[in-house]
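For reference, the structure is listed below as structure tokens.
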Amino acid sequence: MKKRWTVLIISVILLAIAIYTTITNPGSVDLENYQPKVYSTFAALLPPVLAIVLALITKEVYSSLFAGIVLGALLFANGNLELMFNTMLFHEDGGMIYKLSNSGNVGILVFLVILGILVALMNQVGGSAAFGEWASKRITTRTGSQLATMLLGVMIFVDDYFNCLTVGSVMRPVTDRHQVSRAKLAYLIDATAAPICIIAPVSSWAAAVTSSVPDGSNINGFAMFLKTIPYNFYAIGTIIMMLCIIYMKFDYGSMKLHEANARKGDLYTTADRPYADADKEVVKKNGKVIDLIFPVVVLIICCIIGMIYTGGFFDGETFVNAFANADASQGLVFGSVITLIITFCFYMTRGVITFQEFANAIPEGFKAMVAPILILTMAWTLSGMTNLLGAKYFVHDIVAKSAGSLTVFLPVIIFVIAAFLAFATGTSWGTFSILIPIVCNVFSEPDSYNMLVIAIAACLSGAVCGDHCSPISDTTIMASAGAHSNHVNHVSTQLPYALTVAFVSAVGYLIAGVMGYYHGPAIISFPITMIGIIATLFVIRKIKKNQSDAR
């Protein structure tokens, strides 16, 4: 039935494209002065919306992303098929070939592959199995395994990509032993990635936020970032959410089904188990816990050193400034390559692996990362199509028109817009880099500094919220990869939790905006929002219990 729906939907889309192309007479294209008809209109957001809707309906992410890319290229080309194909593949600002030639993007892919190789090595020498046995003696409950996953995610706050894959590889054996579903593991990984990084002063995200503050605005970007932390309701609320559902042993939405099945021995629920073969891989029995802990610790240290190196720390910059100027992609590649070399030497010295086994782990690690690499590539291309259609200028106009008489409501408006833009484009960095300069211009007067802090916090919070919900977000994709979970399963089970926190956060920004506008104690909105999240969960649990009793 699902296959029929997939074929039907794709057929309708192709038919619509053919009809549109037939009735359109684009003629010759002047690329020098070219601009699509839907530039900077709501239609610019249609490609990612189509991809997301198709992914949720068909449960198939590859064809859904491709359909969004095709629609974006078609809209950009105004129906010209030749230009459409050239745009999809070769456009220097959005085409797939150019996305794959971008050094930053390729760096992330290299980092992914090296982490895949490291995980394959840790599995091969028995490090993962040894850690699982060691942890099972100390972590004796499902609650403990979930809490340990969350705490490890909080500890690895340097970068969200690094967080997703490291936490997944370390904690997957532990959560499997305690029958925690792969969807729940993916949620815990994702919820301790971007939400933690956006409130960590020493992280690649803090550097990105700092660099987004426009020059000449007389605003210290890093100081501003620190002031926004107490107002980042979605990020802190997500942490509260995790603690509540872990300790209350309460799940709702489709996650409830996944967790119920996991207790019966089915960690996946759905038939699609993309990493099942890798999980069943035979490993050596003489591995030690140190065979997993050592590479992970070395990876953390080397990645931090790599990032501050790219930021100029060894050329005289301070540690904070080095992080602010760091190239995360380049730094992570440096760190992971050095870690791979050190890990090889460590395993060879211990005599737990031969050179041939090390060489065999390289293609195995690459194969394990093919799925996230493919999804990332298509997600980057879809984001490029959205940018070519001028989506950011459409959002800019919405925010600009919201200023003035709606100043008191601007924080909640910015939160909603940032969440929607990040959801549609799959990038939180791109979202707050667009919105922060606008917010700085709106609240440029000295007496509106408090509102500026709240509005920027709302922008960051909304960007993380949208990124957290979006199936085309690279962080969401990597969380699925780290947990070895079906990607659509992860998105569909995470969405109810994320939307719960988002709704309460929006109310919090409404309160903060009113308090900030009238120069009241805006910080009071923080405890109100956190209490609101806890109260909302209790209400949901009560409703679900009543529904179960009624049956």
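Quick notes
- Count of the stretch 104-127 residues which are over 18 Å from the mean Cα position of the chain (by Cα) and more than 18 Å from Lys367 (Cα to Cα): 3
- Here the condition is being at pLDDT 80 or above and over 18 Å from the mean Cα position of the chain (by Cα); of Ile236, Ile240, it holds for Ile240 alone.
- Matching option when the condition is at pLDDT 80 or above and surrounded by fewer than 16 Cβ atoms within 10 Å (Cβ to Cβ), among Asn261, Asn286, Asn360: Asn360
- The stretch 332-356 residues that are open to solvent by less than 40 Å² (accessible area, probe 1.4 Å), paired with ones that are in a loop (DSSP other than H, G, I, E, B) and of a type in the set (A, V, I, L, M, F, W, C) (beta carbon under 8 Å, 6 or more apart): Tyr347/Ile353
- Checking the stretch 107-123 against the condition returns no match, with no residue being more than 15 Å from Met369 (Cα to Cα) and open to solvent by 50 Å² or more (accessible area, probe 1.4 Å).
- Glu92 meets the stated requirement of being open to solvent by 10 Å² or more (accessible area, probe 1.4 Å) and over 30 Å from Arg350 (Cβ atoms).
- Scope the stretch 56-83; condition part of a helix (DSSP H, G or I), open to solvent by 40 Å² or more (accessible area, probe 1.4 Å) and modelled with pLDDT under 80; matching residues: Leu56, Ile57, Tyr62, Leu81, Glu82
- Flag for Tyr517 being of a type outside the set (Gly, Ala, Ser), over 12 Å from the mean Cα position of the chain (by Cα) and within 30 Å of Leu152 (Cα to Cα): no
- Hey, Leu499 within 22 Å of the chain's Cα centre (by Cα) and open to solvent by 60 Å² or more (accessible area, probe 1.4 Å) or not: yes
- Any hit, the stretch 107-118, residues being among the aliphatic types (A, V, I, L, M), closer than 30 Å to Phe76 by Cβ, free of Cβ contacts under 8 Å to residues at least 60 places away in the same chain and in contact with a helix residue (DSSP H, G or I) (Cβ under 9 Å, 6 or more places away or on another chain): no
- A count restricted to the stretch 137-161 and to residues that are under 19 Å from Glu259 (Cα atoms) and either assigned to a helix (DSSP H, G or I) or under 25 Å from the mean Cα position of the chain (by Cα) (or both) stands at 9.
- Condition check for Ala130: more than 17 Å from the chain's Cα centre (by Cα), open to solvent by 10 Å² or more (accessible area, probe 1.4 Å), among the small types (Gly, Ala, Ser) and closer than 27 Å to Ala361 by Cβ: yes
- Counted residues, the stretch 505-543 - those being open to solvent by less than 10 Å² (accessible area, probe 1.4 Å) and not hydroxyl-bearing (Ser, Thr, Tyr): 7
Residues are listed down the side, and each one gets a yes or a no for (1) open to solvent by 10 Å² or more (accessible area, probe 1.4 Å); (2) touching a helix residue (DSSP H, G or I) at 6+ places or on another chain (Cβ under 8 Å); (3) in contact (Cβ under 8 Å) with a residue 12 or more places away in the chain:
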site: Ala419; (1), (2), (3): yes, yes, yes
site: Phe423; (1), (2), (3): yes, yes, yes
site: Thr431; (1), (2), (3): no, yes, yes
site: Ile438; (1), (2), (3): yes, yes, yes
site: Ser448; (1), (2), (3): yes, no, no
site: Ala458; (1), (2), (3): no, yes, yes
site: Ala481; (1), (2), (3): no, yes, yes
site: His490; (1), (2), (3): no, yes, yes
site: Thr493; (1), (2), (3): no, yes, yes
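- Count - residues of the stretch 162-190 that are in a helix (DSSP H, G or I) and surrounded by fewer than 24 Cβ atoms within 10 Å (Cβ to Cβ): 3
The values are calculated or read from the model by the stated rules, or taken from the named source; none is laboratory data. None of these values were measured; they are calculated from a predicted model. All Cβ positions, glycine included, derive from the backbone under ideal geometry; neighbour counts span all protein chains shown. The accessibility values were calculated without ligands, DNA or RNA, using every heavy atom of the protein model including side chains. Shrake-Rupley method; radii C 1.70, N 1.55, O 1.52, S 1.80 Å.
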